[in-house]
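S.K.: Below is one structure. I have some questions about it.
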Amino acid sequence: MPPCAPNGVNHAEFFTECKPPNCYYFLAKHYGHMDMLDDAVAAKGGCLCKSGDNCKDKMRKCVGGLVVAFLNAYLGSDFDALKAIVGDPAIAPIELDPVIFEP
């Protein structure tokens, strides 16, 4: 079965196509995009797409936190949380690698 997001049309390519200013790239290293879905739905798609073996709840909380940090930064002018996670990705509940910010 071919990957559902092969090289050239995946997350890495999406980031490559982003234009500064303010491009962020956070990769939840041991997870797949289906891991964001509710467990019952993800189980059905898991046979087609990459899925991590780790705690999906931690990954979901991490992604939620990243979204809130981004929205607080660009809608509320509070960049503290976003700068903190870019500066020290180890504060996230899961491994983020790579973390890239292109101003």
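The values are calculated or read from the model by the stated rules, or taken from the named source; none is laboratory data. Only a predicted model underlies this, so the values are computations on that prediction, with no experimental measurement involved. A quick note on method: Cβ atoms are made from the backbone with ideal geometry, for glycine too, and the neighbour counts reach across all protein chains shown.
S.K.: Would you check if there is a residue in the range 78-85 being surrounded by 11 or more Cβ atoms within 10 Å (Cβ to Cβ), assigned to a loop (DSSP other than H, G, I, E, B), in contact with a Lys or Arg (Cβ under 8 Å, 6 or more places away or on another chain) and acidic (Asp, Glu)?
M.R.: Looking only at the range 78-85, we keep the residues that are surrounded by 11 or more Cβ atoms within 10 Å (Cβ to Cβ), and these are 78-79, 81-85.
Of the ones still in play, those that are also assigned to a loop (DSSP other than H, G, I, E, B) are 78-79.
Retained after the next criterion (residues that are in contact with a Lys or Arg (Cβ under 8 Å, 6 or more places away or on another chain)): none.
The answer is no; no qualifying residue exists.
S.K.: Could you give every pair whose Cβ atoms fall below 7 Å, whose first residue belongs to the range 80-102 and is under 18 Å from Pro20 (Cα atoms) and without any contact (Cβ under 8 Å) to a residue 60 or more places away in the chain, and whose second residue is surrounded by 11 or more Cβ atoms within 10 Å (Cβ to Cβ) and among the aliphatic types (A, V, I, L, M), counting only separations of at least 6 or pairs across chains?
M.R.: Pairs found: Leu82/Ala69; Leu82/Ala73.
S.K.: Do the conditions hold for Lys61, that is, is it out of contact with any helix residue (DSSP H, G or I) (no Cβ under 8 Å at 6 or more places or on another chain), basic (Lys, Arg) and surrounded by fewer than 16 Cβ atoms within 10 Å (Cβ to Cβ)?
M.R.: Against the criterion (out of contact with any helix residue (DSSP H, G or I) (no Cβ under 8 Å at 6 or more places or on another chain), basic (Lys, Arg) and surrounded by fewer than 16 Cβ atoms within 10 Å (Cβ to Cβ)), Lys61 qualifies.
S.K.: On to the next question. Restrict the check to the range 77-98 and report whether at least one residue is at negative phi and among the hydroxyl-bearing types (Ser, Thr, Tyr).
M.R.: Step one: of the range 77-98, the residues at negative phi are 78-98.
Narrowing further to those that are among the hydroxyl-bearing types (Ser, Thr, Tyr): none.
Checked the range 77-98: no residue is at negative phi and among the hydroxyl-bearing types (Ser, Thr, Tyr).
S.K.: Applying the selection to the range 86-103, what residues are among the acidic types (Asp, Glu) and either loosely packed, with under 11 Cβ neighbours inside 10 Å or over 23 Å from Glu13 (Cβ atoms) (or both)?
M.R.: Taking the range 86-103 as the starting set, the residues that turn out to be among the acidic types (Asp, Glu) are 88, 95, 97, 102.
Once the filter is applied, which keeps residues that are among the acidic types (Asp, Glu) and either loosely packed, with under 11 Cβ neighbours inside 10 Å or over 23 Å from Glu13 (Cβ atoms) (or both), the range 86-103 yields only Asp88.
S.K.: So for the range 17-32 (the condition being assigned to a helix (DSSP H, G or I), more than 22 Å from Pro2 (Cα to Cα) and at pLDDT 90 or above), does at least one residue qualify? Can you show your working first?
M.R.: At the first step, the residues of the range 17-32 found to be assigned to a helix (DSSP H, G or I) are 17.
When the remaining residues are screened for being more than 22 Å from Pro2 (Cα to Cα), the result is 17.
With the extra rule that they be at pLDDT 90 or above, the set shrinks to 17.
Taking every residue of the range 17-32 in turn, at least one turns out to be assigned to a helix (DSSP H, G or I), more than 22 Å from Pro2 (Cα to Cα) and at pLDDT 90 or above.
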